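Inspection log for the structure reproduced underneath, given as structure tokens.
The values are calculated or read from the model by the stated rules, or taken from the named source; none is laboratory data. Predicted, not measured: the structure shown is a model, and the values here were computed from it. As a convention, Cβ positions derive from the backbone with ideal geometry for all residues, glycine included, and neighbour counts pool all protein chains shown.
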Amino acid sequence: MKSLAEILKEIRPEFNFSTSTDFMADGMLDSFDMITLVATLDKTHGISIQGVDIVPEHFKNLQAIDALLRKYGIRP
Amino acid sequence: MNFTFHRKHISGILAVIPAHERSFVEEMKNFNFPESRSLKLKEVMGYDKHRLVEPGVCVSDLAVCGLEHLFKNGLLRREEFDALILVTQSPDHFMPPTSSIIQGRLNLKHDLFCLDINQGCAGFLIGLMQAFLLLEQESIRKVVLINADVLSRKTSPKDRNSYPLIGDAASITLVERDAEDSVIHANLKMDGTRHEVLMIPAGGLRLPSTPETALLEDVGDNNLRAKDHLRMDGSAVFNFVQVEVPPLIEDLLASAGASMDAVDYFICHQANRFMLQKLADKMKVPYAKMPSNVVTHFGNSSGVTIPMAITFNLADRLRTGHARVCLAGFGVGLTWSSMLMRLGGLSFCEMIDYP
């Protein structure tokens, strides 16, 4: 199973996501990348992240995404 | 706000779609994004093809084409309807109303109530509500409801947020009294404080079009658009739909005393596939009961997408049989609305190409 880091690298290979605390503010993810990320996480983990959870604060950095995945029972 | 309408029904639906088809893959080179990122988005959002009018084609052209088709094929007689409602955000002119232009081009009778409504993705439901209200008058026997938009003409081809999903189209829906004691339930909400989420900033009197408003600008998201173009805050629209629409439909069904299982189809505005599948997941509705394929084949044509989803997915069933459908429209305004009705026995339910 792909790790979160690998999934992010596939979406935006040009960035090192471990160094940023705010992917949106740093220009590393835009709202459409966020949707691509959600679709990949859904498929990878067999979940459906609810629409109301698809907001920038849940995809701000690695810790925020880990916390969101935990909400859906996924242990990173 | 809740509504009930008695003894009214839809008796026919025609969709008119420009013959000119473009593909997302062809257009990717226009966007300021690597192809690999655009292709991922294509897969998630369901972008593939969309139908766009040729330069110079207006809403009245699509509407006249559709009405002439109905007249020519004996599906509607020109003297049998007493009101013509046009719902559009892309009128031929500021003035006169485009509904009057359609009346004039077809030499329709003077005893005709013509009305333009400026609405978008909830425009099919709002148009139906107006049609039902007009049918309370004895003098109005049938209403022709036209939904039409050619918003590709107001969308930047270099804006990957909007251009790939836009489609142009028109629909003609015939609405009349029902001999049976039928009841249609509906609800509607609006929030004008969020009107900037979906707008064309320039071209009205607040900010008239000038050479400056026609200049393409990068506002920081790698998309180039002018103030004369459609601007959509995709995240805000997505969040609005996911937060507001499920409770709206739950309230509708509760007020109608109907369960989710009693609905055969949820026909929602076809924003994009991802948004609709998330809506279906939230509402625990199987994807087969909530079609989301209109954007993939035709693009998102605002208020036309609900009738187009019906003609594309349910035509055979609704010409001969009936289904209990929940319609939901949501978008510009912001406006969100849903409607529960028994739909079927349609005298026409088809799609034609323009020209």
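Annotations
- Here B:A258 fits the description: out of contact with any Phe, Trp or Tyr (no Cβ under 9 Å at 6 or more places or on another chain) and outside any helix (DSSP H, G or I).
- Residue satisfying condition, being at pLDDT below 95, of a type in the set (F, W, Y) and over 30 Å from B:C326 (Cα atoms), within set B:F33, B:F94: B:F33
- Checked against (1) more than 14 Å from chain A (Cβ to nearest Cβ); (2) surrounded by 15 or more Cβ atoms within 10 Å (Cβ to Cβ); (3) among the acidic types (D, E), B:D221 passes all but condition (1).
- Restricting attention to region B:280-307, the residues that are buried (at least 24 other Cβ atoms within 10 Å of the Cβ) and either among the basic types (K, R) or not in a loop (DSSP other than H, G, I, E, B) (or both) total 9.
- Qualifying residue in region B:94-105 (condition: within 22 Å of B:F298 (Cβ to Cβ) and surrounded by fewer than 19 Cβ atoms within 10 Å (Cβ to Cβ)): no
- Condition met for B:V53 (touching a Ser or Thr at 6+ places or on another chain (Cβ under 8 Å) and either among the small types (G, A, S) or within 14 Å of chain A (Cβ to nearest Cβ) (or both)): no
- Complete set of residues in region A:1-15 that are surrounded by 11 or more Cβ atoms within 10 Å (Cβ to Cβ), farther than 14 Å from A:L62 by Cα and more than 9 Å from chain B (Cβ to nearest Cβ): A:K2
- Residue that is surrounded by fewer than 15 Cβ atoms within 10 Å (Cβ to Cβ) and without any contact (Cβ under 8 Å) to a residue 40 or more places away in the chain, where the choices are B:A202, B:A214: B:A214
- Members of region A:24-42 that are out of contact with any Ser or Thr (no Cβ under 7 Å at 6 or more places or on another chain), more than 7 Å from every other protein chain (Cβ to nearest Cβ) and within 21 Å of B:L276 (Cβ to Cβ): A:D33, A:M34, A:L37, A:V38, A:T40, A:L41
- Tabulated pairs, region B:224-245, first within 14 Å of chain A (Cβ to nearest Cβ), second among the polar types (S, T, N, Q) and not in a loop (DSSP other than H, G, I, E, B), C-beta under 6 angstrom, 6+ apart or interchain: B:G234/A:S31; B:S235/A:S31
- Residue in region B:24-34 that is away from chain A (no Cβ under 14 Å), touching a residue at least 12 places away in the same chain (Cβ under 8 Å) and within 19 Å of B:Y354 (Cα to Cα) present: no
- Meeting the requirement of 3 or more residues that are modelled with pLDDT under 95, the helices (runs of 4 or more DSSP H) wholly within chain A are A:4-11, A:31-45.
- Among the residues of region A:54-63, those that are more than 8 Å from every other protein chain (Cβ to nearest Cβ) and either crowded, with 16+ Cβ neighbours inside 10 Å or touching a Cys at 6+ places or on another chain (Cβ under 9 Å) (or both) comprise A:H58, A:F59, A:K60, A:N61, A:L62.
- Considering only residues in region B:328-347 that are over 28 Å from B:H20 (Cβ atoms) and touching a Cys at 6+ places or on another chain (Cβ under 8 Å), the one that is surrounded by the most Cβ atoms within 10 Å (Cβ to Cβ) turns out to be B:A328.
- Members of region B:113-139 found to be outside any strand (DSSP E or B) and either in contact with a helix residue (DSSP H, G or I) (Cβ under 6 Å, 6 or more places away or on another chain) or aromatic (F, W, Y) (or both), listed by number: B:Q119, B:G120, B:C121, B:G123, B:F124, B:F132
- A search for C-beta distances below 7 Å between a residue of region A:21-36 that is under 14 Å from A:H58 (Cβ atoms) and any residue that is among the polar types (S, T, N, Q) and in a helix (DSSP H, G or I), counting only pairs 6+ apart in sequence or on different chains, returns A:S31/B:S235.
- Residue check for B:S139: in contact (Cβ under 8 Å) with a residue 60 or more places away in the chain and surrounded by fewer than 18 Cβ atoms within 10 Å (Cβ to Cβ): no
- Filtering region B:266-279 to residues that are assigned to a helix (DSSP H, G or I), in contact with a strand residue (DSSP E or B) (Cβ under 8 Å, 6 or more places away or on another chain) and more than 8 Å from chain A (Cβ to nearest Cβ) leaves only B:L276.
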